[in-house]
Amino acid sequence: METTSTILHADLDAFYASVEQLLDPSLRGKPIAVGGGVVLAASYEAKAFGIRGGMPGRRARELCPQLIFVGGHFKDYQRLGDAAIKVLNDFTPLVERISIDEAFADVAGCTHLFGAPAEIATAIRRRVRAELGLPISVGVARTKHLAKIASQVAKPDGLVIVDPDTELDFLHPLPVELMWGVGPVSRARLAEIGVLTIGQLANTPGWSLERLLGPAASEKLGALAWNRDPRQIKTHRRARSAGAQSALGRKPAQERVFIPTLRHLADRVASRLRAKSRSGRTVTVRVRFADLRAVTRSITLDAPVSSTAILAEIAEQLVRTVLAQHPDEKTISLLAISVSQLETHSDVQLELPLEDLGLEDLGLEDFGLEAEKRRPGTKRAMARGMADRAIDAIRDRFGWEAVGYGSVALGLSRSVPDAFRELAEKEL
């Protein structure tokens, strides 16, 4: 692990909203939100009213009647996000991009060219502002975790450098929700036992955290609370999973809502898998309810899949299982699908039979689908594989909206534009 602060975390401030204010100067200084039915992003002026991403548009308008909604310029988001990352690359080749608007950089090897890490961070911020017209916050620290927290403390449009000698003095008074991996549910659970700061978390007995958060999360967060983070910058990291999610606002937990959404998400994920000649064995769904509590269910298959139809069918049954196990939950706010245990394949992936896969353990034994649909080599299986490949070819040539699956397109609420989903999906 580095003994000096040479890891930078750069994060464009309120990126989507800042781009909209850049493109339309009349929006500057005003509370704006990207989206409509669901808030995709909010400006700092809107955040001051309590508006946040994922919030239903109706609720956002209640909090701020003067809120201005804009549709979003997704190509500009991609263009400007790429340009900001290029500024980092001008200083060091060791850049790890983790989303469209943020990245880590290791500047240990270029200080003889560009000065101390603090000087490099200052130069990056100055160039992004001058060349792109956007604010960017940068945190500088000895570890990735601390650099990311420093950049959050630096917001908006600031720079925070954490000296190795004062790391814990800086880290421990901060609220626990600034830690990577502490979401609303974990924060609420920690608050129940009086853990509100990172320092309090650091001094909580491991057995207590494990009982509250589980062994994996408790071990990870316990280490990070003491700034034990050995992770290095990874410039080329192959994804171990492919996923997509949809924030729904507050929708009834009914099939007319979740089936079209899941099929759209399955289309997104499976298309990306096939584009990279990859398939996966484990399918996971996540259902978030109105109170932000999330439940996940997964199944691991004997053979990998990358078919849109089969992925959608598995996801639908997994969600039905979640809802059956939580009958009191009547509202859902988010749905997600991911496929993991990825493998590279050179042949066309056909649907596979699901018999003898232990589906009864998850309550999935009654799929209500003929095994004929999934047996490779059958006419139905070959037809579905050919349909996937034909749709992929048309989209490659004419764009995503040129063609789709009828069961996906009909009745789907597109409160979150497809372009926004694409920006959020990681490359495989």
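The values are calculated or read from the model by the stated rules, or taken from the named source; none is laboratory data. What you see is a predicted model; the values in this text were computed from it and never measured. Backbone-built Cβ (ideal geometry, glycine too); neighbour counts: all protein chains shown. Accessible surface is based on the protein model in full, side chains and every heavy atom, while ligands, DNA and RNA are left aside. Shrake-Rupley method; radii C 1.70, N 1.55, O 1.52, S 1.80 Å.
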Exercise for the section: Scan region 109-120 and give yes if some residue there is open to solvent by less than 30 Å² (accessible area, probe 1.4 Å) and under 26 Å from the mean Cα position of the chain (by Cα), otherwise no. Expected result: no
Completion exercise
Filtering region 208-228 down to residues that are at pLDDT 90 or above and either of a type in the set (Phe, Trp, Tyr) or under 21 Å from the mean Cα position of the chain (by Cα) (or both) yields Lys220, Leu221, Leu224, Trp226
Practice task
Keeping to region 292-315, report how many residues are open to solvent by 10 Å² or more (accessible area, probe 1.4 Å), part of a helix (DSSP H, G or I) and in contact with a Leu (Cβ under 8 Å, 6 or more places away or on another chain).
Solution key: 1
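Confirm whether Phe289 is buried (at least 22 other Cβ atoms within 10 Å of the Cβ) and not polar (S, T, N, Q).
Here the answer is no, as Phe289 does not meet what is asked.
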Handout entry: Of all residues making up region 169-180, the number that are open to solvent by 50 Å² or more (accessible area, probe 1.4 Å) and either in contact with a helix residue (DSSP H, G or I) (Cβ under 7 Å, 6 or more places away or on another chain) or under 9 Å from Ile149 (Cα atoms) (or both)
Key = 3
Fill in the blank from the handout: Checked region 193-215 for anything within 15 Å of Pro175 (Cβ to Cβ) and not in a loop (DSSP other than H, G, I, E, B); matches are Thr197, Ile198, Gly199, Gln200, Leu201, Ala202
Handout entry: Residue that is at positive phi and in contact with a Ser or Thr (Cβ under 9 Å, 6 or more places away or on another chain), where the choices are Gly35, Gly81
Key = Gly35
Handout entry: Members of region 30-42 found to be modelled with pLDDT of 95 or more and not in a strand (DSSP E or B), listed by number
Key = Lys30, Pro31
Problem - Members of region 1-25 found to be surrounded by fewer than 24 Cβ atoms within 10 Å (Cβ to Cβ), under 25 Å from the mean Cα position of the chain (by Cα) and assigned to a loop (DSSP other than H, G, I, E, B), listed by number - result: Asp13
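Please work out if Val195 is touching a Pro at 6+ places or on another chain (Cβ under 9 Å) and either open to solvent by less than 70 Å² (accessible area, probe 1.4 Å) or more than 18 Å from Leu224 (Cα to Cα) (or both). Reasoning before the result, please.
Working: touching a Pro at 6+ places or on another chain (Cβ under 9 Å): no; either open to solvent by less than 70 Å² (accessible area, probe 1.4 Å) or more than 18 Å from Leu224 (Cα to Cα) (or both): yes.
In short, no.
Looking only at residues in region 80-108 that are assigned to a loop (DSSP other than H, G, I, E, B) and touching a residue at least 60 places away in the same chain (Cβ under 8 Å), which one is surrounded by the most Cβ atoms within 10 Å (Cβ to Cβ)? Can you show your working first?
Our first condition is that a residue be assigned to a loop (DSSP other than H, G, I, E, B); within region 80-108, this holds for 90-94, 100-101, 107.
Still in the running and touching a residue at least 60 places away in the same chain (Cβ under 8 Å): 93-94, 100-101, 107.
Details: Pro93: 13, Leu94: 21, Ile100: 21, Asp101: 24, Val107: 26.
Looking at the filtered set, the residue picked out is Val107.
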Exercise for the section: State all residues of region 26-68 that are aliphatic (A, V, I, L, M) and either buried (at least 22 other Cβ atoms within 10 Å of the Cβ) or within 14 Å of Ala247 (Cα to Cα) (or both); if no residue qualifies, say none. Expected result: Ile32, Ala33, Val34, Val38, Val39, Leu40, Ala41, Ala42, Ala46, Ile51, Met55, Ala60
